[in-house]
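The values are calculated or read from the model by the stated rules, or taken from the named source; none is laboratory data. Here the structure is a predicted model, which is why all the values come from computation and not from measurement. Glycine gets a Cβ as well: all are built from the backbone with ideal geometry, and neighbour counts include every protein chain shown.
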Amino acid sequence: MSEGPVLGAKVRALRRRESLTQTALAERLGISASYLNLIENNRRPLTAPLLIRIAQIFQLDLTAFAASDDSGLTADLLEAFGDPLFESHGLTNADLRDLATTSPNMARAVLTLYRAYSAARESATTMAEYAR
């Protein structure tokens with residue numbers, strides 16, 4: 001698909017937040033579950049009429065679909081995953097951008113865990129230096 005806004009992840013997050021299956025939401029939208037699956041995976045565009053219908057179903061202002069600033073989150077992930085600890089995992093910048101875009105809460109949780117690890121590592125290094 002194009003480089004446009006990645007709305008599929010937002011649709012999926014809204015659907016999951018409301019504990020709806022793809023079939024249930026697709027029914028309410030008047031589309032097939034397979035088409036909704038394609039939208040959620042950014043393989044089909046979210047048309048304006050569907051966007052409006054989703055906003056109505058979830059009682060949202062259309063600005064909820066405005067591009068969020070995931071660039072800061074992506075930058076933080078790129079910095080964290082630049083640690084030699086992750087070298088053997090073969091993660092790409094695209095992998096990290098996808099994580100920030102499709103699962104921002106997961107990305108933030110990973111960063112929290114990495115920052116705690118880094119602080120503990122730094123503390124252990126400092127303690128080892130004082131022990132000499």
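Table: residues versus (1) free of Cβ contacts under 8 Å to residues at least 40 places away in the same chain; (2) of a type outside the set (Val, Ile, Thr); (3) surrounded by fewer than 12 Cβ atoms within 10 Å (Cβ to Cβ); (4) over 24 Å from Ser19 (Cα atoms).
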{"residue": "Tyr35", "(1), (2), (3), (4)": "yes, yes, no, no"}
{"residue": "Glu40", "(1), (2), (3), (4)": "yes, yes, no, no"}
{"residue": "Leu51", "(1), (2), (3), (4)": "no, yes, no, no"}
{"residue": "Asp61", "(1), (2), (3), (4)": "yes, yes, yes, no"}
{"residue": "Thr74", "(1), (2), (3), (4)": "yes, no, no, yes"}
{"residue": "Ala80", "(1), (2), (3), (4)": "yes, yes, no, yes"}
{"residue": "Leu85", "(1), (2), (3), (4)": "yes, yes, no, yes"}
note = Flagged in segment 35-74 as out of contact with any helix residue (DSSP H, G or I) (no Cβ under 9 Å at 6 or more places or on another chain), at pLDDT below 90 and hydrophobic (A, V, I, L, M, F, W, C), in numbering order, are Ala66, Ala67
request  = Give the residue that is modelled with the lowest pLDDT, with candidates limited to residues of segment 10-33 that are closer than 17 Å to Asn105 by Cα, buried (at least 17 other Cβ atoms within 10 Å of the Cβ) and among the hydrophobic types (A, V, I, L, M, F, W, C).
outcome  = Leu14
